[in-house]
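**Student:** Take this structure first; my questions come after.
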Amino acid sequence: MNPRRTFLKQAVGAAAATCLPATAPAAQEPKRRLKVAAIYTACTPRSHAHVILENFLEPCLFNGEWTDPGMDVVSLWGDQEPPGDLARAAAKEYGVRMCGNIREALTLGGKDLAVDAVLCIGEHGRYPANDRGQVEYPRKRFFDGCVEVFRETGKVVPIFNDKHLSYRWDWAKEMYDTARAMKIPFMAGSSVPLAQRRPSLEVPSGAEIEEAVSFHGGGFEGYDFHALEVLQAMLEARKGGETGVARVQFLAGEALWKAAEAGRWSEAVAEAALETDLGKDRPRLRDIPQRRMQFRGPQSPWGILVEYRDGTRGTALRFGRSGTRWPFACRVKGEKTPLATSFYVGPWDNRCLFKALSHAIQAHFRNRKAPYPVERTLLTTGILEAAVTSHHEGDRVVETPHLNIAYRPRDYRAYRENGASWKVLPEDTPQPPGIDKARERQKKPAQ
């Protein structure tokens, strides 16, 4: 028997319980292991398909503990198979069925729905970019393919959608509405809000937050989404909960600085955020070297200015050259010093962010309820689409009456990395090019 299968069989009794933190939502231990279908764009080294699937094919490291997912990936379907594909070799090694289409992946070639959950990973691969600078990833097509099988079989199972719902707002809203109408347990979003916070920070529940700033140092739209999701994950805990967004504007270069001078976003709050990442001896915000982007689009620095319906101001800034920079800060009413933290990604650049995310997805599949509301990602999807529209149309202010999205946050602290994993997987651990088998390596005696 495959060594992994032997381990999983031995672990079945305790694994489902240990994979869930003590404070996670209560759920009955499953009588059998769940079957998961994975639908993805392309699975090459460090693609999202790679770094999510490795935490389903192997035990997942979360908060310093190796936890069995309590489920097996039983089918794979990839939209593309570029050079360097990892999926076929992984399927052979782990006994997973490679499928010819979404229907086969969900039915395993039969007439009935044959899986308990679906991973939809619509990131990476070769897809066209439109004239607005958005990569047209097929997330809506993947979702629709699953829904077609659900309707034909009369059954639904939980779906996870990686990152934002779609590059088009109308498609994103349709996905959300369909999931609600069909009672599909639906989860989506970024890996970054689940990262360890350095220093540890909890925005007080019900705090009156006046303004907030988040950072990233990556590319247009794809990394803007992560910074917006961090912003939203922190702001949703404010007094009154989330009430929606009134307007959005994209600004770059000198226009961004003029907006700060006009009081539309706070350099002081931004500096407080940056200090958590670069320290007190860092260069000032305006002195950070900017990287020339290798794509058609805006040049750094840029920002997305968000005005919420309750008057709260949020800004997602693109500064510097680091794709692993995720600082955040906010100003609470009546407090002079901003609250600030940085979301730490662990070793291997952003790859280890997907360990906590995979753990949260597994809880979603097991409990048939997402650890945090999908409305968070629906709203950030809409903010991002409005920001892209603003940039495409000369950086105009975009009114967003369609983002009248109100929701209450959930306490998802049990699903966030607390930093204990980096004692098990320290910074100097060599990064494997394929599936992470660090637990297996640790069992072997030192040579």
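**Student:** Restrict the check to segment 207-226 and report whether at least one residue is part of a loop (DSSP other than H, G, I, E, B) and more than 30 Å from A49 (Cα to Cα).
**Tutor:** yes
**Student:** Here are some conditions: (1) within 30 Å of Q249 (Cβ to Cβ); (2) of a type in the set (K, R); (3) under 17 Å from the mean Cα position of the chain (by Cα). R396 meets all but one. Which one does it not meet?
**Tutor:** (3) is the only condition that R396 fails.
**Student:** With T377, T429 as the choices, which residue is crowded, with 16+ Cβ neighbours inside 10 Å, within 18 Å of the chain's Cα centre (by Cα) and in contact (Cβ under 8 Å) with a residue 60 or more places away in the chain?
**Tutor:** The match here is T377.
**Student:** Among the residues of segment 150-187, write down those that are of a type in the set (V, I, T) and part of a helix (DSSP H, G or I).
**Tutor:** Answer for segment 150-187, where residues must be of a type in the set (V, I, T) and part of a helix (DSSP H, G or I): T153, T178.
**Student:** Do we find a residue being surrounded by 14 or more Cβ atoms within 10 Å (Cβ to Cβ), at pLDDT below 95 and either in contact with a strand residue (DSSP E or B) (Cβ under 8 Å, 6 or more places away or on another chain) or closer than 25 Å to H124 by Cα (or both) anywhere in segment 6-13?
**Tutor:** Yes: one or more hits.
**Student:** May I pose another question? So which of L353, L378 ends up being of a type outside the set (S, T, Y) and in contact with a Lys or Arg (Cβ under 8 Å, 6 or more places away or on another chain)?
**Tutor:** When all the criteria are applied, what remains is L378.
**Student:** Residue under question is R439, and the condition is that it be of a type outside the set (S, T, Y), outside the structural domain of T44 (by TED's automatic domain parsing), surrounded by fewer than 22 Cβ atoms within 10 Å (Cβ to Cβ) and assigned to a helix (DSSP H, G or I); does it hold?
**Tutor:** For R439, the condition - of a type outside the set (S, T, Y), outside the structural domain of T44 (by TED's automatic domain parsing), surrounded by fewer than 22 Cβ atoms within 10 Å (Cβ to Cβ) and assigned to a helix (DSSP H, G or I) - is met.
**Student:** Something else now. Does A363 satisfy the criteria of being assigned by TED's automatic domain parsing to the domain that holds R33, in contact with an Asp or Glu (Cβ under 6 Å, 6 or more places away or on another chain) and within 27 Å of V118 (Cα to Cα)?
**Tutor:** Criteria not met by A363.
**Student:** Being in a loop (DSSP other than H, G, I, E, B), at pLDDT below 95 and farther than 16 Å from L339 by Cα is the filter here, so list the residues in segment 240-285 that pass it.
**Tutor:** G240, G241, G253, D281, R282, P283, R284
**Student:** Then there is this: Pairs under 6 Å by beta carbon, first residue on the phi > 0 side of the Ramachandran plot in segment 394-421, partner of a type outside the set (S, T, Y), six or more apart or different chains?
**Tutor:** D395/F250; D395/L251; G419/Q196
**Student:** Additional query: Of everything in segment 239-270 that's without any contact (Cβ under 8 Å) to a residue 40 or more places away in the chain and of a type outside the set (G, A, S), which residue is farthest from E210 (Cα to Cα)?
**Tutor:** Among residues in segment 239-270 that are without any contact (Cβ under 8 Å) to a residue 40 or more places away in the chain and of a type outside the set (G, A, S), the one farthest from E210 (Cα to Cα) is E254.
**Student:** Here's a follow-up. Among the numbered criteria (1) more than 30 Å from G279 (Cβ to Cβ); (2) among the acidic types (D, E); (3) without any contact (Cβ under 8 Å) to a residue 40 or more places away in the chain, which one does D310 miss?
**Tutor:** Only one criterion in (1) more than 30 Å from G279 (Cβ to Cβ); (2) among the acidic types (D, E); (3) without any contact (Cβ under 8 Å) to a residue 40 or more places away in the chain is unmet by D310, namely (3).
**Student:** Taking the residues in segment 309-362 that are under 19 Å from the mean Cα position of the chain (by Cα) and β-branched (V, I, T) as candidates, determine which candidate is nearest to G218 (Cα to Cα).
**Tutor:** T324
**Student:** Hey, among D170, D177, which residue is surrounded by fewer than 23 Cβ atoms within 10 Å (Cβ to Cβ), within 13 Å of V374 (Cβ to Cβ) and out of contact with any Lys or Arg (no Cβ under 8 Å at 6 or more places or on another chain)?
**Tutor:** D177
The values are calculated or read from the model by the stated rules, or taken from the named source; none is laboratory data. Just so it is clear, the structure is predicted and the values come from calculations on it, not from any experiment. Positions of Cβ are backbone-derived with ideal geometry, glycine not excepted, and every protein chain shown enters the neighbour counts.
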